[in-house]
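So the structure is just underneath, and the comments pick up after that.
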Amino acid sequence: MQLMLDTANLFEIERAMSLYPISGVTTNLNQMQSEGNLDFFGHLKSIRKLIGEERSLHVQVVGQDANTIIAEAERICSILKENTYVAIPVNEEGLKAIKHLSMQGFNITATAVFSTLQGILAMLSGAKYIAVFYDRMLNNDIDANRVIKELSSLLWTNTSNTQVLSASFKNIAELTSAYANGAGCCTVRPELLSTGLDMPSIHKAVADFSMNWDEVHAGKSILDL
Ligand code: E4P
């Protein structure tokens, strides 16, 4: 089971890396654009520096036709090197590129997946991750849990190296449902994790423990005993 960060913001990545068990960072073109940074590769290199070489970095292509996608993937990987995953949308041109690049040994994250069919085709084409767009599916009345469940069980049955990478979360219930339905990996915006840990019940439980301790050991910590 893996957890990734779904952001291109350097400050968020640095903070979240120090707090959470993170396996990688996913970026998309919207996130890169919202950083307002014109130095595309410079920014990605900064992310790589923060997460280290062993974690995965997922970078989306811009091209729409297979030849351009392939050329962009080659450039992305030649610059960002090990553990870089090229995120390619699953449509006909995307699949053509995924098939070609996977055969050449590139790591591919099939993205913009809204259906089991897209996931199956991406899996058969050699993608390592299938990025299922959870909240966007719900917005279109698509049963995201069913798609995740179907893809996860197909992946088990076929002992494939591919994992469901569920993405596009807007709340914690979506995130935990994705895991519970079989997603091997989820990618989230860091603030969602902070929100989940900022519940009044958690604060109250911690405050109560502390108050009870103080009643007996006023002002002392375990280190003072
Ligand atoms: C993964 O990187 C996806 O592009 C991302 O989760 C989509 O998120 P959004 O639906 O919030 O744009």
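Throughout, read-outs are computed from the coordinates displayed, never taken from laboratory work. Small disclaimer: the values here were computed from a predicted structure and weren't measured. All Cβ positions, even for glycine, are placed from backbone atoms using ideal geometry, and neighbour counts span all protein chains on display.
So, R0 is 41 Å and r is the distance between the beta-carbons of LEU124 and ASP39; what FRET efficiency does that work out to, to 0.05? So, using R0 = 41 Å, E works out to roughly 0.65. Candidate cross-link partners of LYS220 among the lysines, defined by an alpha-carbon separation under 26 Å and a same-chain spacing of 8 or more, comprise LYS204. Over all orientations, the chain has a Cα convex hull whose mean projected area works out to 15.3 square nanometres. Taking amide H as placed 1.01 Å from N in the peptide plane, the amide H of VAL188 sits under 5 Å from that of MET4, LEU5, ASP6, each at least 5 places away or on another chain.
Between ASP198 and ASN212, the simple spin-label model (points 7 angstrom out along Cα→Cβ) gives 2.8 nm. Stretching SER46 away from ARG75 to a fully extended chain increases their span by 8.7 nm, per 0.36 nm per residue minus the current alpha-carbon distance.
Students often get this wrong, so check it: of LYS96/LYS170; LYS49/LYS99; LYS96/LYS128; LYS45/LYS81; LYS45/LYS170; LYS81/LYS128, which have C-alpha atoms separated by over 21 Å?
LYS96/LYS170; LYS49/LYS99; LYS45/LYS170
Pairwise Cα distances in the stretch 59-160 exceed 22 Å for 28 percent of all pairs. Each Lys and Arg Cβ is given +1 and each Asp and Glu Cβ -1; about its Cα centre, the stretch 8-154 then shows a dipole of about 280 debye. Across the stretch 162-179, coupling constants 3J(HN,Hα) worked out from phi with the 6.51/-1.76/1.60 Karplus curve, θ = phi - 60°, read 7, 10, 6, 10, 7, 9, 6, 9, 10, 8, 6, 4, 5, 4, 5, 5, 4, 4 Hz, and Gly and Pro carry x.
Highest-first packing order for the peptide set 171-177, 81-87, 193-199 is 81-87, 171-177, 193-199, based on the mean count of other beta carbon atoms within 10 Å.
Here the simple spin-label model places points 7 Å from the Cα toward Cβ, and for THR176 and GLN31 these points are separated by 2.3 nm. Each stretch of four or more DSSP H residues adds -39500 (n - 2.57); spread over every residue of the chain, this sum gives -16000 deg cm²/dmol at 222 nm.
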